[in-house]
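Nothing in this text is a laboratory measurement; each read-out follows from the coordinates by a stated rule. These figures come from a predicted structure and were not determined experimentally. Heads up, the Cβs are rebuilt from the backbone with ideal geometry, glycines too, and the neighbour counts pull from every protein chain shown.
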Amino acid sequence: MSVNPNLKLIVTEDGSHSLSVPDLDETYHSSHGAIQESTHVFIKHGLLHWIENNPSRKLKIFEVGFGTGLNVYLTVLEAINLKTTIDYHSIELHPIDNDFVKQLNYPSQLGHTSSLFETLHTAAWEKKVRINEYFELLKMQTSLLNFDFEQSYDLIYFDAFAPGKQPELWEYSIIEKCYHALNKKGIFVTYSAKGQLKRDLKKTGFTLETLPGPPGKFEMVRALK
């Protein structure tokens, strides 16, 4: 049984799928393009930016919002392509039903078979799983509100629902928690560019960058510790 039976599969403008949450009047990804958005925000301005500015081919990533698994899927593909070792931890309070996983078209849109994508979803929760020689995955079923960081990270993908939909996940205390969980020169990256978020990031001690957003969005934010 699905955790949220009201979820609906939708097609975004770049042809890739997302999920809509009618109860929140929200979608998991931009309606202008799910793959487009995740690639622009989290891969180009997060992962690839970190790799370009750090000599080590090894990094640790923390993701807020496993969701459809799109961010982790794009990241493992880059790990294979660049031969970069990644230890990836992700939290999700409400994992999606396997019926939706089988319908999501990210592998075919990117020219791959579905096996790797399905492996990421079927990997056990609360247990570190080696996906391949470059990638380890730990999925935890919890909310950031109740999560205590026990490790530090090089990169945080902050992909919670929008501030207007889940404001509790964008409070200053949460941003501060993320700041302390990052290693020196670590990066916090998100699709949002709300004024309050920028003020909170600066207040916490981050060096803030406001960058061009993906199609359909004017700006996004990257912050350096």
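One table, with the values for the structure above:
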{"item": "Candidate aspartates and glutamates - alpha carbon under 15 Å from LYS198, same-chain residues fewer than 8 apart omitted", "result": "GLU171, GLU176, GLU209, GLU219"}
{"item": "Stretchable slack from TRP125 to HIS94, in nm (0.36 nm times residue separation minus alpha-carbon distance)", "result": "10.0 nm"}
{"item": "DSSP bridge pairs, segment 147-224: antiparallel proportion in percent, nearest 5", "result": "65 percent"}
{"item": "For segment 35-104, alpha-carbon Rg over 2.2 N^0.38 Å", "result": "1.16"}
{"item": "Cα shape, the chain, gyration tensor, a/c 1.5 rule", "result": "rounded"}
{"item": "Gain in span if fully extended, HIS32 to GLU176, counting 0.36 nm per residue against the direct Cα distance", "result": "48.8 nm"}
{"item": "Calculated SAXS-style log₁₀ I(q)/I(0) at q = 0.20, 0.21, 0.24 Å⁻¹ - segment 122-225, Debye, Cα scatterers", "result": "-1.11, -1.18, -1.35"}
{"item": "Burial order of peptide ranges 125-135, 71-81, 98-108 (average beta-carbon count within 10 Å, highest first)", "result": "71-81, 98-108, 125-135"}
{"item": "HN-Hα J in Hz across segment 7-17 - Karplus 6.51, -1.76, 1.60, θ = phi - 60°, x for Gly and Pro", "result": "4, 10, 7, 10, 9, 8, 5, 8, x, 8, 7"}
{"item": "Residues whose placed amide H lies under 5 Å from that of SER114, excluding near-sequence neighbours", "result": "none"}
{"item": "Beta bridges by DSSP in segment 1-102, antiparallel share as percent, to the nearest 5", "result": "45 percent"}
{"item": "18 Å Cα-Cα reach of LYS128 towards lysines, excluding residues that sit fewer than 8 places from it in its own chain", "result": "LYS58, LYS60, LYS139"}
{"item": "Set of aspartates and glutamates near LYS102 by C-alpha distance (under 18 Å), chain-local residues within fewer than 8 positions excluded", "result": "GLU118"}
{"item": "Rounded to 5, the percent of DSSP beta bridges in the chain classed as antiparallel", "result": "45 percent"}
